[in-house]
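Worksheet: one structure, shown below.
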């Protein structure tokens, strides 16, 4: 899917023509540089590799330095591969070319946003898996309000099944939010206003796919 | 990079706020609010005391107006940037010592009065 790499700026809200308030997220996306074009002959599949953000040469691994030099561009911070970048963008997708926000996204498009969700630390099952908890505090309960309850049967199978929902590290996962509407594109500032929430903290990387 | 870029979005709504007179908690205001009924549109007035202003200077800024009609108090929250507000009139400036006038909720009649702020 064609897409861009960006950063989450923050959330705000706008009003539609009926006066309804829409919560939306502002993303600074692009300009991204094409650092590699993969094709079926040499790589076995079609893909476009884009790079976003600046970093110093001394902070860039030598291997990546060479990779960026090949595309005749400065060292970048984040490199992401997009599979099946549609053929309509073929003339834009050339090694070393810069892809801007207005090349890909238009108002009223539907996009998917990928981000790394905020880390929540070690959480119990109520927060982590949406368990209901023990419904009441009386009738003999005293300290099990948010307990998981039974995790399986007894002598058969005499083990706990793999993948049983339990407490543990929560958040910090790659999360994709589907079908968010593009409300507005600001080409001169590389900004795009997207309806709804996008996973991740402010300033974290966001991948937008169309 | 910081959230300053959010101002790019806020900029578009600047004029909407600028066309209303400035008011603060304790003031008595009259809000002319457009209401759509089917295809017809009419203007409803809501007059009362501004109880609080929340999220000031952001797109999410709202203000709460409290009025007592009969024996029943009504509080209404308006987003200041909504296109449905036709007009806001400031009828009376109030002298209050806090930003959120929650204490009005526990009071009735004479006790719920707010002194008028006189211009210097």
Over segment A:6-33, the set of residues more than 14 Å from every other protein chain (Cβ to nearest Cβ) and either more than 27 Å from residue A:204 (Cβ to Cβ) or crowded, with 21+ Cβ neighbours inside 10 Å (or both) is A:32, A:33
Looking at B:22, B:58, which is the one that is more than 14 Å from chain A (Cβ to nearest Cβ) and either touching a residue at least 12 places away in the same chain (Cβ under 8 Å) or more than 18 Å from residue A:19 (Cα to Cα) (or both)?
B:22
Inside segment A:58-91, can you point out the residues that are in a loop (DSSP other than H, G, I, E, B), touching a residue at least 24 places away in the same chain (Cβ under 8 Å) and surrounded by fewer than 17 Cβ atoms within 10 Å (Cβ to Cβ)?
A:72, A:84, A:86
In the set A:193, A:178, A:208, which member is touching a strand residue (DSSP E or B) at 6+ places or on another chain (Cβ under 8 Å), modelled with pLDDT of 90 or more and within 14 Å of chain B (Cβ to nearest Cβ)?
A:193
Please give the number of the condition residue B:68 fails out of (1) farther than 19 Å from residue B:16 by Cβ; (2) exposed (fewer than 12 other Cβ atoms within 10 Å of the Cβ).
(2)
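Yes/no matrix, rows are residues, columns are (1) closer than 25 Å to residue B:100 by Cβ; (2) in contact with a helix residue (DSSP H, G or I) (Cβ under 8 Å, 6 or more places away or on another chain); (3) surrounded by 18 or more Cβ atoms within 10 Å (Cβ to Cβ):
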residue: B:12; (1), (2), (3): no, no, no
residue: B:15; (1), (2), (3): no, no, no
residue: B:31; (1), (2), (3): yes, no, yes
residue: B:36; (1), (2), (3): no, no, no
residue: B:40; (1), (2), (3): no, no, no
residue: B:43; (1), (2), (3): no, no, no
residue: B:46; (1), (2), (3): yes, no, no
residue: B:49; (1), (2), (3): yes, yes, yes
residue: B:54; (1), (2), (3): yes, no, no
Which numbered condition in (1) away from every other protein chain (no Cβ under 14 Å); (2) surrounded by 14 or more Cβ atoms within 10 Å (Cβ to Cβ); (3) out of contact with any helix residue (DSSP H, G or I) (no Cβ under 8 Å at 6 or more places or on another chain) is the only one that residue A:52 fails?
(1)
Find the residue count for segment A:23-47, including only residues that are modelled with pLDDT of 90 or more and under 13 Å from residue A:184 (Cβ atoms).
4
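The values are calculated or read from the model by the stated rules, or taken from the named source; none is laboratory data. From a predicted model like this one, the values you see are computed outputs, not experimental measurements. So basically every Cβ, Gly included, is an ideal-geometry build from the backbone, and we count neighbours across all protein chains shown.
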